[in-house]
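To keep things clear, I will list the structure first and then write my remarks on it.
The values are calculated or read from the model by the stated rules, or taken from the named source; none is laboratory data. Predicted model only: the values in this text are computed from it and were never measured. A quick note on method: Cβ atoms are made from the backbone with ideal geometry, for glycine too, and the neighbour counts reach across all protein chains shown. With ligands, DNA and RNA removed, areas are computed over all heavy atoms of the protein, side chains included. Shrake-Rupley method; radii C 1.70, N 1.55, O 1.52, S 1.80 Å.
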Amino acid sequence: AFMRQTIADLAPGQAGTVAGFSEIDAITERLMHLGLTEGADVKLIRLAPGGDPIEIDVMGYALSLRKHEASMILVDGIEPAA
């Protein structure tokens with residue numbers, strides 16, 4: 001079965017489009033208010049040493065996510081790192 005990929009699966013420089021969330025709760029509602037909504041383009045900028053937090057670009061600004069937050073955000077149309 002094809003597993004949906006999440007922001008946590010991206011490599012630095014990779015981009016994709018938000019396809020939804022694995023679950024809806026207080027965390028994902030906060031993320032939606034920050035611009036992580038279905039159809040938004042996201043790009044992984046960098047990982048902190050140890051992989052947490054993750055810095056992404058969404059709607060032209062940098063946002064830091066904890067790894068477990070990033071793993072709740074489904075992405076489609078993932079492009080190879082430029």
Restricting the stretch 48-82 to residues that are within 9 Å of the chain's Cα centre (by Cα) and part of a loop (DSSP other than H, G, I, E, B), which is farthest from SER22 (Cα to Cα)? SER71
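This table checks each residue for (1) modelled with pLDDT of 95 or more; (2) of a type in the set (Asp, Glu); (3) under 18 Å from GLY13 (Cβ atoms).
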| residue | (1), (2), (3) |
| --- | --- |
| VAL42 | yes, no, yes |
| ILE45 | yes, no, yes |
| PRO49 | no, no, yes |
| ASP52 | no, yes, no |
| ASP57 | yes, yes, yes |
| ALA70 | yes, no, yes |
| VAL75 | yes, no, yes |
| PRO80 | no, no, yes |
Selection from the stretch 28-42 of residues that are surrounded by 15 or more Cβ atoms within 10 Å (Cβ to Cβ) and in a helix (DSSP H, G or I): THR28, LEU31, MET32
Contacts under 6 angstrom Cβ, first residue in the stretch 7-22 being within 11 Å of SER71 (Cα to Cα) and touching a residue at least 60 places away in the same chain (Cβ under 8 Å), partner of a type in the set (Gly, Ala, Ser) and open to solvent by less than 20 Å² (accessible area, probe 1.4 Å), 6 or more apart: ILE7/ALA70; ALA8/ALA70
If you take the residues in the stretch 63-77 that are surrounded by fewer than 16 Cβ atoms within 10 Å (Cβ to Cβ) and touching a Ser or Thr at 6+ places or on another chain (Cβ under 9 Å), which one is farthest from PRO53 (Cα to Cα)? GLY77
Members of the stretch 43-62 that are in contact with an Asp or Glu (Cβ under 7 Å, 6 or more places away or on another chain) and crowded, with 16+ Cβ neighbours inside 10 Å: LYS43
